[in-house]
Amino acid sequence: MSLAAVENAISNLANYMRLYTEAHRRFASLFDEDREEAIHNMERAFEAKLEAFHTLYDVSKDHFPYFDHGDTSALIALRNAIHHRDHPLFQGLLSDLWLRGDPNQWNGATYLLARHRMSSEGMLSMTAYFKLSDFRLRLDPKADSPYRDKFLNGEKAFKRFCLIRDELGFDAIQQVSEAEQYPEDQVYVDMMPVFVSAVVRVFRAFDKVGANFKGFDAETYKTPFTSELEVDLKAINYQPLKLNSISERPATRTKPQEPRH
């Protein structure tokens, strides 16, 4: 196969990964000045990464089984949902808390944040939380949701949902949330470790077949994503988030905790 298109797509994805990191670094100081701009910058930068990942999928889908893996399949489904935006789903935790009406309305409410654990050394500081229930409403044909993705139907749609649900541990998250009596719309899953897991999987595959990582950004990300980073999709950390005051700045990183199963 010709790797030229794949190499260009990898370079493009690496560019957007760097731009997202830069938006993350500016978030805290910008939030104090302009909350809406800070949050929109973060969300649009994450969406740009999803678009770039989808471009890589477009040029390489005949050579890599994206829909055989929960992480890569979930990223494509999330990108499609956000790209088409014919529904109210996948708005993101930051927007849900700080841009949907008066944030004071959430004072005292506690949210459950679920996050897959890095199994490699080092912390993943960035986060991208979405409601857990949105994945079911968008992808599960048995949910009978008006917002369901119509790209796949019947058994194929259900198999895709089950793959994502099972490999990303959505049932385990649901069980914890129910045991601790969290309302359904206050349970979120972080898609940043899933993004890392998917990129690691794809970058390693194309590195093995001789794809070049062209450009400064691609060269910079090659080593971490082909030989250093690891995400354990079977281990999930849980962290409660309680919004006590409108003056509180939202965290864009989570503190490490022991995983609960």
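The values are calculated or read from the model by the stated rules, or taken from the named source; none is laboratory data. As the structure is a computational prediction, the values presented were derived from the model and not from experiment. Cβ atoms come from the backbone with ideal geometry, glycine included; neighbour counts cover every protein chain shown. Ligands, DNA and RNA are stripped out before the accessible areas are found, and what is left, the full protein with its side chains, is counted by its heavy atoms. Shrake-Rupley method; radii C 1.70, N 1.55, O 1.52, S 1.80 Å.
Odds and ends about this structure:
- Cα point-scatterer Debye curve for region 144-196, base-10 log of I(q)/I(0) at q = 0.26 Å⁻¹: -1.11
- Accessible heavy-atom area order of Arg148, Arg100, highest first, probe of 1.4 Å: Arg100, Arg148
- Computed on the Cα atoms alone, the convex hull of region 121-232 gives a volume of 149 cubic angstrom per residue.
- Simple Cβ-charge dipole of region 68-113, Lys/Arg +1 and Asp/Glu -1, about Cα centre, in debye nearest 20: 120 debye
- Point-charge dipole on Cβ atoms (K/R +1, D/E -1) for the chain, about Cα centre, debye to 20: 320 debye
- Applying 0.36 nm per residue to the separation of Glu22 and Phe216 and subtracting their alpha-carbon distance, the gain on full extension is 68.3 nm.
- Fluctuation leader among Leu241, Leu139, Leu168 - the chain, Gaussian network, Cα springs under 10 angstrom: Leu241
- Cα-centred dipole magnitude for region 156-237, charges only on beta-carbon of K, R (+1) and D, E (-1), debye, nearest 20: 640 debye
- From its DSSP helices (H runs of at least four residues, each -39,500 (n - 2.57)), the chain gives a residue-normalised ellipticity at 222 nm of -17000 deg cm²/dmol.
- Note: relative contact order over the chain, using C-alpha pairs below 8 Å and six or more positions apart, is 28 percent.
- Cα-based equivalent ellipsoid, region 7-64: semi-axes from gyration tensor eigenvalues, Å: 29, 10, 5
- Per-atom-type breakdown for the chain gives carbon and sulfur 47% of the accessible area (1.4 Å probe, protein chains only).
- Projected area, mean over directions - the chain, Cα convex hull, nm²: 13.9 nm²
- The alpha-carbon positions of region 61-137 define a convex hull whose volume is 148 Å³ per residue.
- For region 1-152, convex hull of alpha carbons as volume per residue, Å³: 158 Å³
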